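Accompanying notes for the structure given below.
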Amino acid sequence: MNVAYSESRLFGRLYGPFRGNRSSASALLGWVPWVLLAVALGAVVWAATHREPAATMGIRVDRVTSAVALLVAGIGVVTFRYAERCLDGHARRREFLGWMAATIGCAAVLALADALPLLIGAWIGVGTCLERLLRFFRERPDAVIAAQRMLTLSRVGDALLLAACAVAWSAWGATSVTMAAASAASTGTGASLTGFSLLLCAAVIVKSAQVPVHGWLPETMEAPTPVSALMHAGIVNAGGALLIRLAPAIERVPESWLLLSTAGTASILVATPAAWVHARAKTALAWSTVSQMGFMLVQCALCAFPAALLHIVGHGLYKAWSFLRAGDVPTHAPASAPPAFRALALLLAGTCLSALSVAAWAQLFGLVTGAGAGKAALLAIVAIAVGQSWVALLARRRASRSATVMRACAALAFSATAPALACALYAGATWWLGTPLAGSGAFQGTSAWIAAGLPVIAITALAAIHAAMPALEGTGLGSRIRIHALSGFYIGIAAHRTIDRVHDLFRTTINGVTRA
């Protein structure tokens, strides 16, 4: 694939779907993302100006669906335009653009779908179209194998979602996402609610490439770059968006908190070190997606749905930008490693000061009102994240005292302002979602504290390891960590073997050629 360097730097110019002497078929395909973007913009305007959602023909426009649809359509326009330019002259360019337009369309329908049959159809359609894009380069065996594994797991996720919808229809007569959410909100407890919630969570875990079925995602880097950008920035977020829409079913089932928290925390623990050590930019970004989707599931497990929506939007925009500029060359060489003790001491000091700032800003924005395990865990994670800036700014020794003073001032300023931005964004997302989806206060009890404690402990440990890791690079321990992290701690190997066996059951041989 001939990708111009300027394309990887700036996404390419977005100046309309027509250019040059392209065929009418290519021109028509070029309009698809732009039409979807116009529809999504209209949906956001409607949701912002009307309290009541609009629903017609199995489609629902509200503040959740419109925001996710706008994200998908916006990323779709950028990646489609990128694909048009970087595949210019390729013999199968029109075929690729057709499947990409279909993928973007299915993803947009999935974001807006309310009727359960339409939701299931779009859910299945996204996986089918994505598999075609992933194996576009048929001459690359790794790309074909990764696509096959993705499709097999996608069918597992399809079956789990279908089972969840069957439970909702059987127990409550629900034929739409809105009816299922309302029925879950009016149901106290029961086997039907528990079963529906757990099946839904399992489907999202599979679709979001979480441990232990995560291994296929980092293996898809043989696909064209715009496919990676679209997949990591828009498609893997679909499960999280569905959890937000069905928040009442998650809030009332403690088993769902534990399932989502355990899967998300495991994914963070496995994928974050893998993202640190991989040298290839796209592979490191893929592992980062696994860990970020894990954190998104943790936010849903904590019933912090405004934070989950913020994460989906922010992660989508960042990953699209990161993948499409993956060809940039680093301009700065890494500095010498700081002593581990110095890095850990700065991490502790920065986290403690940031925690005070987080508590103050949370009080100012009213986020501590009725705060329980969920909000306490989120505030702790924000403090740890901000505290790591002290390691980045101050851990490496500087010859100039004035430079050290300036960096210390920058660290203090960041600790004071970053929590304010985080709290402001959370408050804004809470207002955008509205009271019904902003958390009902049901996240309480022993299960809540366990679900909240797991990710906090894991992220604390990872922050300490990351601070000390540069000092461990030349040691035996550092080498062992790097080797095991490169392989994802071997957790995905067993899943790959099972997937390959399942896939082999459906392979046939025609004229001596093995086909799926």
Which residue out of MET150, MET179 is part of a helix (DSSP H, G or I) and free of Cβ contacts under 8 Å to residues at least 12 places away in the same chain?
MET179
Residue within the range 66-81 that is touching a strand residue (DSSP E or B) at 6+ places or on another chain (Cβ under 7 Å) and within 16 Å of THR178 (Cα to Cα) present
no
Could you tell me whether any residue of the range 195-207 is surrounded by fewer than 24 Cβ atoms within 10 Å (Cβ to Cβ), free of Cβ contacts under 8 Å to residues at least 24 places away in the same chain, more than 17 Å from CYS106 (Cβ to Cβ) and more than 24 Å from the chain's Cα centre (by Cα)?
no
Closer than 27 Å to GLY239 by Cβ and either buried (at least 21 other Cβ atoms within 10 Å of the Cβ) or modelled with pLDDT under 90 (or both): does that describe VAL45?
no
Filter the range 110-147 for residues that are without any contact (Cβ under 8 Å) to a residue 24 or more places away in the chain, more than 16 Å from SER228 (Cα to Cα) and open to solvent by 30 Å² or more (accessible area, probe 1.4 Å) and give the result.
GLY121, ARG138, GLU139, PRO141
Does ARG342 count as under 30 Å from LEU472 (Cα atoms), assigned to a loop (DSSP other than H, G, I, E, B) and among the basic types (Lys, Arg)?
no
Condition first: open to solvent by 10 Å² or more (accessible area, probe 1.4 Å) and either without any contact (Cβ under 8 Å) to a residue 40 or more places away in the chain or hydroxyl-bearing (Ser, Thr, Tyr) (or both). Now tell me which residues in the range 58-92 satisfy that.
ASP62, LEU70, GLY74, ALA91
Would you confirm whether any residue within the range 163-175 is in contact (Cβ under 8 Å) with a residue 60 or more places away in the chain and either open to solvent by 10 Å² or more (accessible area, probe 1.4 Å) or in contact with a Leu (Cβ under 8 Å, 6 or more places away or on another chain) (or both)?
yes
For the range 251-266, what are the residues that are surrounded by fewer than 24 Cβ atoms within 10 Å (Cβ to Cβ) and either of a type outside the set (Asp, Glu) or not in a helix (DSSP H, G or I) (or both)?
ARG252, PRO254, LEU258, LEU259, THR262, ALA266
Does at least one position in the range 303-311 carry a residue that is over 22 Å from ALA263 (Cβ atoms), at pLDDT 90 or above, open to solvent by 30 Å² or more (accessible area, probe 1.4 Å) and of a type in the set (A, V, I, L, M)?
no
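Determine which member of the set ALA410, ALA422 is crowded, with 21+ Cβ neighbours inside 10 Å, at pLDDT below 95 and aliphatic (A, V, I, L, M).
ALA422
The values are calculated or read from the model by the stated rules, or taken from the named source; none is laboratory data. Not measured: the values here are computed from a predicted model. Backbone-built Cβ (ideal geometry, glycine too); neighbour counts: all protein chains shown. Ligands, DNA and RNA are stripped out before the accessible areas are found, and what is left, the full protein with its side chains, is counted by its heavy atoms. Shrake-Rupley method; radii C 1.70, N 1.55, O 1.52, S 1.80 Å.
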